[in-house]
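Asks: Got a structure here, written out as structure tokens. Questions coming.
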Amino acid sequence: MAKKIPLQPEDFELETNTVWAFPNRGKWATHDAKYRGNWSPYIPRNVILRYSVEGDTVLDQFVGGGTTAVEAKLTNRNFIGIDINPDALKITKSKLDFECEFNTSIDIMQGDARSLSTIADGSIDLICTHPPYADIIHYSENIDGDLSLMPMKEYLFEIGKVAEECYRVLKKDKFCAILMGDTRKKGMVQPLAFETMRIFEMAGFKTKEIIIKEQHNCKATGYWKTNSIKFNFLLLAHEYLFVFRK
């Protein structure tokens, strides 16, 4: 008989400082690491439990592989998941195909994070999302408006529209949490994360927390270690989780 996978993590504790590390990525419920670049379920679980209450509505407008959606369902939150890529929506819906004790409202739809036309002003209790990091990973080949196909300068212009929509749909005094990382170009760090933080502040948000999230299990580590020494650059081994307040 196959071992039954638990719906909830064992021995879970809320993070209490500003450096988060999850070497054991988390494999409860339907979570896995198959969707490239998806985040550890420990991240949305911490955000959801700390910055919302049961019955709240959580939004992830870059729903991707459905990690946030699953955590919202497991923690008794209503959920709206949006993605511009129909393949992501199929994956998310399959991840949500399990029974649990809560009967929450879950809505998964195709849409554009820059124009959340189906969501009313001030109707969301928490935004918990993990956008692409400009064009580091391409999530589609030719979908118009896919931010993962845009170089950094164009990406940052468009992420400004995302920030404005986040501010519009979020309730006053509620929180928006976004995981963002940096990149390199010609050996120089491109501070994508802090540029994004600045854009969200320009949209009206106040920065409540800056959390450093350590990266683990990166592919091609040996190759990049060799090149780090050969070409004299440090490997980017962290991302930033920004928590904004409206």
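The values are calculated or read from the model by the stated rules, or taken from the named source; none is laboratory data. Fair warning: this is a prediction, and the values are worked out from it, not measured in the lab. Reconstructed Cβ throughout: ideal geometry from the backbone, glycine too, with neighbour counts over all protein chains shown.
Asks: Of the residues that make up segment 15-30, is at least one of a type in the set (V, I, T), at negative phi and touching a strand residue (DSSP E or B) at 6+ places or on another chain (Cβ under 8 Å)? Break it down into steps so the answer makes sense when it comes.
Replies: Of all residues in segment 15-30, those of a type in the set (V, I, T) come to 16, 18-19, 30.
Remaining after also requiring at negative phi: 16, 18-19, 30.
Next, only the ones that are touching a strand residue (DSSP E or B) at 6+ places or on another chain (Cβ under 8 Å) stay: 18-19.
Scanning segment 15-30, I find at least one residue that is of a type in the set (V, I, T), at negative phi and touching a strand residue (DSSP E or B) at 6+ places or on another chain (Cβ under 8 Å), so the answer is yes.
Asks: Kindly provide the set of residues from segment 124-144 that are in a loop (DSSP other than H, G, I, E, B) and either in contact with a strand residue (DSSP E or B) (Cβ under 7 Å, 6 or more places away or on another chain) or at positive phi (or both), ordered by number.
Replies: From segment 124-144, those in a loop (DSSP other than H, G, I, E, B) are 130-144; that's our starting set.
If the condition is that a residue be in a loop (DSSP other than H, G, I, E, B) and either in contact with a strand residue (DSSP E or B) (Cβ under 7 Å, 6 or more places away or on another chain) or at positive phi (or both), then H130, P131, Y133, A134, I136 are the ones that fit.
Asks: Given the criterion touching a residue at least 12 places away in the same chain (Cβ under 8 Å), closer than 21 Å to Q215 by Cα and crowded, with 20+ Cβ neighbours inside 10 Å, identify the matching residue among G37, G66. Give the derivation first.
Replies: Details: G37 fails: crowded, with 20+ Cβ neighbours inside 10 Å.
After ruling out the rest, the residue left standing is G66.
Asks: Could you count how many residues in segment 51-65 are of a type in the set (S, T, N, Q), farther than 17 Å from F242 by Cβ and part of a loop (DSSP other than H, G, I, E, B)? Walk me through how you get there before you give the answer.
Replies: Quick first cut of segment 51-65, residues of a type in the set (S, T, N, Q) only: 52, 57, 61.
Filter once more, keeping what is farther than 17 Å from F242 by Cβ: 57.
Adding the requirement that they be part of a loop (DSSP other than H, G, I, E, B) leaves none.
Total meeting the criteria: 0.
For every residue, the table says whether it meets (1) of a type in the set (A, V, I, L, M); (2) at pLDDT below 95.
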site: D83; (1), (2): no, no
site: M109; (1), (2): yes, no
site: S115; (1), (2): no, no
site: D121; (1), (2): no, no
site: D125; (1), (2): no, no
site: D135; (1), (2): no, yes
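Asks: State whether one or more residues within segment 95-107 are closer than 27 Å to L74 by Cα, surrounded by fewer than 17 Cβ atoms within 10 Å (Cβ to Cβ) and of a type in the set (F, W, Y).
Replies: Among the residues of segment 95-107, at least one is closer than 27 Å to L74 by Cα, surrounded by fewer than 17 Cβ atoms within 10 Å (Cβ to Cβ) and of a type in the set (F, W, Y), which makes the answer yes.
Asks: Between residues in segment 220-246 that are closer than 30 Å to E15 by Cα and among the acidic types (D, E) and residues that are modelled with pLDDT of 80 or more and outside any helix (DSSP H, G or I), which pairs lie under 6 Å by C-beta distance while being six or more apart or on different chains?
Replies: E239/L179; E239/G181; E239/K213
To keep it simple, each residue is scored yes or no on (1) loosely packed, with under 13 Cβ neighbours inside 10 Å; (2) at positive phi; (3) at pLDDT 95 or above.
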{"site": "K185", "(1), (2), (3)": "yes, no, no"}
{"site": "G204", "(1), (2), (3)": "no, yes, yes"}
{"site": "Q215", "(1), (2), (3)": "no, no, no"}
{"site": "F233", "(1), (2), (3)": "no, no, no"}
{"site": "E239", "(1), (2), (3)": "no, no, yes"}
{"site": "F244", "(1), (2), (3)": "no, no, yes"}
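Asks: Restricting to segment 108-123, name every residue that is loosely packed, with under 15 Cβ neighbours inside 10 Å and either assigned to a loop (DSSP other than H, G, I, E, B) or without any contact (Cβ under 8 Å) to a residue 24 or more places away in the chain (or both).
Replies: Step one: filter segment 108-123 for residues loosely packed, with under 15 Cβ neighbours inside 10 Å, giving 109-110, 115, 117-118, 120-123.
Of everything in segment 108-123, those that are loosely packed, with under 15 Cβ neighbours inside 10 Å and either assigned to a loop (DSSP other than H, G, I, E, B) or without any contact (Cβ under 8 Å) to a residue 24 or more places away in the chain (or both) turn out to be S117, T118, A120, D121, G122, S123.
Asks: Can you pull out the residues in segment 39-78 that are in contact with a strand residue (DSSP E or B) (Cβ under 9 Å, 6 or more places away or on another chain), basic (K, R) and closer than 22 Å to T16 by Cβ?
Replies: R50, R77
Asks: Which residue pairs have Cβ atoms under 8 Å apart, sit 6 or more places apart or on different chains, and have a first residue in segment 88-99 that is at pLDDT 95 or above and among the β-branched types (V, I, T) and a second that is surrounded by 20 or more Cβ atoms within 10 Å (Cβ to Cβ) and part of a helix (DSSP H, G or I)?
Replies: These pairs meet every condition: T92/A69.
Asks: Can you find a residue that is in a loop (DSSP other than H, G, I, E, B), crowded, with 23+ Cβ neighbours inside 10 Å and either of a type in the set (S, T, N, Q) or free of Cβ contacts under 8 Å to residues at least 40 places away in the same chain (or both) anywhere in segment 41-50? Explain how you work it out, then say what you get.
Replies: From segment 41-50, those in a loop (DSSP other than H, G, I, E, B) are 41; that's our starting set.
Next, only the ones that are crowded, with 23+ Cβ neighbours inside 10 Å stay: 41.
The next check asks that each one be either of a type in the set (S, T, N, Q) or free of Cβ contacts under 8 Å to residues at least 40 places away in the same chain (or both); those that pass are 41.
The answer is yes, given that some residue of segment 41-50 is in a loop (DSSP other than H, G, I, E, B), crowded, with 23+ Cβ neighbours inside 10 Å and either of a type in the set (S, T, N, Q) or free of Cβ contacts under 8 Å to residues at least 40 places away in the same chain (or both).
Asks: Okay, moving on. Quick one: F102 ticks every box in (1) farther than 24 Å from V243 by Cβ; (2) part of a helix (DSSP H, G or I); (3) among the hydrophobic types (A, V, I, L, M, F, W, C) bar one, so which box is it?
Replies: Just one mismatch for F102, condition (2).
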